[in-house]
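This report refers to the structure that appears directly beneath it.
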Amino acid sequence: MPEFLVVRLHSAAADTIGAVAEWIVMDGSGARRSNVQSGPLDLAVASAASRKVIVLVPGTDPFVAEPVL
């Protein structure tokens, strides 16, 4: 069964490199395969090996724009 790394960025993470985030490994049925971990994003890289990554961001942080040419 495939595993996924789910990363949750905190609101401050949108503006700061190396900001604090939380992540967990889940299997295809949604069961936890690891404990929740937190820290700088570069620590989550090891957990991403050979897994699809899902990133959750606060709804007020993404910026969507459409350029006018």
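The values are calculated or read from the model by the stated rules, or taken from the named source; none is laboratory data. Treat the numbers as computed from the prediction; the structure is a model and nothing was measured. Here Cβ is always computed from backbone atoms with ideal geometry, including for glycine, and neighbour counts include all displayed protein chains. We work out accessible area using only protein heavy atoms, side chains counted, and drop any ligands, DNA or RNA first. Shrake-Rupley method; radii C 1.70, N 1.55, O 1.52, S 1.80 Å.
Averaged per residue, the chain has 74 square angstrom of accessible surface, using a 1.4 angstrom probe with ligands and nucleic acids left out. Taking other residues whose beta carbon is less than 14 angstrom from the beta carbon of ARG33, and scoring Lys, Arg as +1 and Asp, Glu as -1, yields +1. Quick one: among ALA21, ALA48, ALA31, which has the greatest mean-square fluctuation in a GNM of the chain with alpha-carbon springs under 10 angstrom? Most flexible of the set in this elastic network: ALA31. Its relative contact order, with pairs defined as Cα atoms under 8 Å and 6+ residues apart, puts the chain at 38 percent. Along the stretch 35-43 the Karplus relation, 6.51 cos²θ - 1.76 cosθ + 1.60 evaluated at θ = phi - 60°, assigns HN-Hα couplings of 7, 5, 10, 9, x, x, 4, 5, 6 Hz to successive residues, with x for each Gly and Pro. The length gained by stretching the chain between LEU69 and VAL20 to full extension, at 0.36 nm per residue less their Cα-Cα distance, is 14.0 nm. Among rounded, prolate and oblate, which fits the chain when a ≥ b ≥ c are the square roots of the eigenvalues of its C-alpha gyration tensor, a/c under 1.5 means rounded, and a/b larger than b/c means prolate? It comes out prolate by the Cα gyration axes. Share of carbon and sulfur in the accessible area of the chain stands at 60%, probe radius 1.4 Å.
Charged neighbours of ILE24, selected by a Cβ distance under 12 Å, balance to +1 (K, R count +1; D, E count -1).
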